[in-house]
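What follows is a set of notes on a single structure, which appears directly below.
The values are calculated or read from the model by the stated rules, or taken from the named source; none is laboratory data. Since the model is a prediction, treat every value here as computed from it, not as a measurement. Reconstructed Cβ throughout: ideal geometry from the backbone, glycine too, with neighbour counts over all protein chains shown.
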Amino acid sequence: MPRSIHPFALPVRALRARLGDLAEQLYPVDCLVCGGRVTGTVRLCGDCRGGLAAVGDARCPRCGRADSPAESPCGACQKRSPRYVTVHAPWRYREPVAAWIRAFKYGNRLGLERTLADLAGEGLAEWLEAYGIDAMQAVPLHRRRLVERGFNQADRLARLLARGHGVAHLRRGLVRARPTPAQSALPERRRRANVRGAFAADRRRVAGRRIALVDDVLTTGATVDAAADALLEAGAAAVYVVAVARA
């Protein structure tokens with residue numbers, strides 16, 4: 001039997017998130033890598049940012065996989081073309097970026113969100129303009145997992161990115177219609193079946209729009225592919241993917 005959801009669980013956790021935002025703006029921060037003092041809320045100095053592992057130009061033009069010829073889709077995309085058009089994920093899922101994403105998602109390290117949003121925003125303005133993207137929608141969590149975690153890390157990134165780049169932030173354009181086991185706990189061959197039909201989109205909010213799906217990290221791409229399918233079925237003109245990192 002599903003565990004009951006306390007009616008005040010979400011408001012209390014939302015308040016904690018807001019307090020985290022306030023504390024982040026009131027107190028000075030240190031660079032996450034070298035520990036030097038950094039002005040603003042992005043916790044990276046210029047030198048340390050330059051040392052992070054970027055995906056680079058040798059990436060699949062569809063799924064964004066690194067170390068793939070940029071002239072044509074990789075073997076996996078040629079075998080099964082993704083439902084989304086292309087991916088903007090500037091960084092490789094390597095340390096220390098991978099550790100920051102895990103700490104943000106699982107450790108409630110909300111103070112990392114502006115740094116991760118800034119990393120995801122590398123070159124994003126030009127990319128959004130090139131594809132005419134007019135809205136961002138986070139990959140949603142099922143309500144049960146949202147209560148357990150207290151926040152949707154993808155939605156917090158989407159909010160910052162949409163606000164910073166002047167596009168609409170869709171909050172209810174897409175929902176997770178049924179709970180699914182965590183993708184990270186499944187072998188790659190089972191991930192696509194796990195999320196098939198897991199999402200539902202609101203035609204009134206998404207029809208005719210060019211939507212960027214936002215997530216923290218892209219691994220096999222099965223989740224965003226299923227989400228993109230739901231958006232397209234509801235009339236979205238095209239779907240793209242934005243993430244901080246690509247595995």
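What to note about this one:
- Of all the criteria given as (1) more than 19 Å from G64 (Cβ to Cβ); (2) in contact with a Cys (Cβ under 8 Å, 6 or more places away or on another chain), the one not satisfied by A168 is (2).
- Scanning segment 94-126 for residues that are under 13 Å from the mean Cα position of the chain (by Cα) and part of a loop (DSSP other than H, G, I, E, B) turns up just one, G121.
- Some residue of segment 115-124 being more than 12 Å from V244 (Cβ to Cβ) and surrounded by 18 or more Cβ atoms within 10 Å (Cβ to Cβ): no
- Counting only residues that are small (G, A, S) and under 16 Å from A168 (Cα atoms), segment 202-231 holds 3 of them.
- Boolean, V241 is surrounded by fewer than 18 Cβ atoms within 10 Å (Cβ to Cβ) and β-branched (V, I, T): no
- Selected residue (criterion: modelled with the highest pLDDT) from residues of segment 68-80 that are part of a loop (DSSP other than H, G, I, E, B) and farther than 17 Å from T219 by Cα: S72
- From the list R65, R83, R59, R49, the one residue that fits, being farther than 21 Å from T220 by Cβ, surrounded by 12 or more Cβ atoms within 10 Å (Cβ to Cβ), of a type in the set (D, E, K, R) and modelled with pLDDT of 85 or more, is R49.
- Of all the residues in segment 199-237, those that are on the phi > 0 side of the Ramachandran plot and modelled with pLDDT of 95 or more number 2.
- Which numbered condition W91 fails, given (1) free of Cβ contacts under 8 Å to residues at least 40 places away in the same chain; (2) under 27 Å from A168 (Cβ atoms): (1)
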